[in-house]
Amino acid sequence: MDGNIPGKDPFSALDGTSVPESWWPDLSHTLLGLAEAIAPIDRPILAPLTTYVAKHYQVLQVQAAIDAPVESPKELHERHPGSATLFRYRHGRSAGLEQLTSIGICALLEMNDAGRGPPKRLLSIIRGAIESPSSPLSGALGAVSS
């Protein structure tokens, strides 16, 4: 599989650009875990995300089984907002941010290339909250359920 060929890269829809294949195992593991954590009541509203995961499920499963962790790449937020958020979520998960992360990733999937601004901003806020376990956003969302 070549991560540089559009259509074969399961993460290109998230970032609007190809994603290095070396990232696929970590991103696959995280995306599958995030999708599994979506409560049944939230699935209709997050249908673009659950449909995306279902469409790429086989590739994601194969990739997630590969033990090839990578260090979270630096300075990838602008070009790879979805991947950056999944890396941050995997390596520094904060209570309460699962649903918001799912919403942000879902919003990226729904946006066309020209309209990626608002989801990128939301994902930037989420990454900041993940980095700071004592974030007021994490605390506020920790007590929230669907």
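Read-outs throughout are calculated quantities, based only on the coordinates presented, and are distinct from any laboratory measurement. Just so it is clear, the model here is predicted, and its values are computed rather than measured. As a convention, Cβ positions derive from the backbone with ideal geometry for all residues, glycine included, and neighbour counts pool all protein chains shown.
Fully extending the segment from residue 71 to residue 22 would add 16.6 nm, taking 0.36 nm per residue of separation and subtracting the current Cα-Cα distance. With R₀ set to 30 Å, the beta-carbon distance separating residue 57 from residue 111 gives a calculated FRET efficiency near 0.85.
Peptides 29-42, 55-68 ranked from most to least packed by the mean count of surrounding Cβ atoms within 10 Å: 29-42, 55-68.
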